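Take a look at the structure set out below.
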Amino acid sequence: MRNIFSRGSKNLNKKDLDLEKLPKHIAVIMDGNGRWAKKRGLPRTAGHKAGIEALREIIRTCSELHIEYLTLYAFSTENWKRPVNEVSALMQLLVYYLRKEAKELHKNNVKIRTIGDISKLPQTALDEINSAVELTKNNTGLVVNIALNYGARDEIIMAVKNICQKVKNDEISIEKIDKEYFKEFLYTKDIPDPDLVIRPSGELRISNFLLWQIAYSEFWFSNTFWPDFNRDNLIQAIIDYQKRDRRFGGIK
């Protein structure tokens, strides 16, 4: 079995983690930055900055574990409702992170992608995203999907409209439409559905995230705020995932 535990990981329980039964795709709702900051008497933006450190550690751990896909819910379509200064700070943090980390991620064979309507983002953020995607496009390691201006309901409506247009143009018949065909019109059309969805911060909801794709995902919730979420939390989530019996509606 592969040894993925580098220095600093000695607290992990190796015997409980089955490296042959790892999830291929982990999706994370990065939540709790604001409450983490409030608890410490800090502005919400300080929580978002602290969340960057957690992001680094989780990406590094997934890469070490040879997880194939990691999807991160970074900015939803509903997040535009937040105060203007907070939205601006989030966009600046995105630019800062990509400028600082893209080369290191590239060096470690990580491939950066996005899902969502990124055309609505500020041009500076869009430029950094496109640069990072272009730099890492040929990498073959961990694929990091960053969900930006993403909403699952909007994604489904977009897919329905595009399929309807094809029917209207007589390009396809209605009979051709099934689950596999529908998937071809989603942002995630060329990647497997998440095996494991993680949400820290104590919230027990999905918040308009990958509603089509998570039909048979396993869920793992934690009371830990995202800035405090670390590799040991991730490993524990995977250990718990491995103990579950995934039947996909059938019987074993």
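Greater than 27 Å separation of Cα atoms is the criterion. Which listed pairs, Lys49/Lys103; Lys24/Lys81; Lys107/Lys179, meet it?
Numbers: Lys49/Lys103 20 Å; Lys24/Lys81 33 Å; Lys107/Lys179 37 Å.
Beyond 27 Å: Lys24/Lys81; Lys107/Lys179.
Taking amide H atoms as placed 1.01 Å from N in the peptide plane, list the residues 5 or more away in sequence, or in a different chain, whose amide H sits under 5 Å from that of Glu218.
So Glu218 has HN proximity to Leu196, Val197.
Among Ser76, Ser88, Ser63, determine the one that fluctuates most according to a GNM of the chain built with springs between C-alpha atoms less than 10 Å apart.
In the Gaussian network model the winner is Ser88.
Which shape class, rounded, prolate or oblate, goes with segment 205-252 when its Cα gyration tensor gives a ≥ b ≥ c as root eigenvalues, a/c under 1.5 marks rounded, and past that a/b bigger than b/c marks prolate? Let's see the in-between values first.
On the way: a/c = 3.39, a/b = 1.38, b/c = 2.46.
Oblate.
Hey, what did segment 81-238 get for relative contact order, percent, Cα under 8 Å, at least 6 apart? If you can, show how the numbers build up before the last one.
Working: 160 pairs, mean separation 29.2, N = 158.
Once normalised by length, the contact order is 18 percent.
Using Cα centres only, tell me the gap between segment 148-181 and segment 89-110 in whole Å.
Their Cα centres are 33 Å away from one another.
Classify segment 39-78: rounded, prolate or oblate, from the alpha-carbon gyration tensor (a ≥ b ≥ c, eigenvalue square roots; a/c under 1.5 rounded; otherwise prolate if a/b is larger than b/c)? The partial results should precede the final answer.
Working: a/c = 4.56, a/b = 1.70, b/c = 2.67.
The shape class here is oblate.
Say we join alpha carbon atoms closer than 10 Å with springs in a Gaussian network model of the chain; which of Asn85, Asn145, Asn109 then has the biggest fluctuation?
Asn85
What stretch of the chain, leaving out the sites themselves, is the longest with no GluC sites (Glu not before Pro) in a DSSP loop having at most 11 other Cβ atoms within 10 Å?
Details: sites that count: Glu20, Glu171, Glu184.
Longest gap between qualifying sites, sites excluded: 21-170.
Taken together, the values in this text are just the output of simple stated rules run on the coordinates, not laboratory data. These numbers come from a predicted model, not from an experiment. Note that each Cβ is placed from the backbone with ideal geometry, even for glycine, and that neighbours are counted across all protein chains shown.
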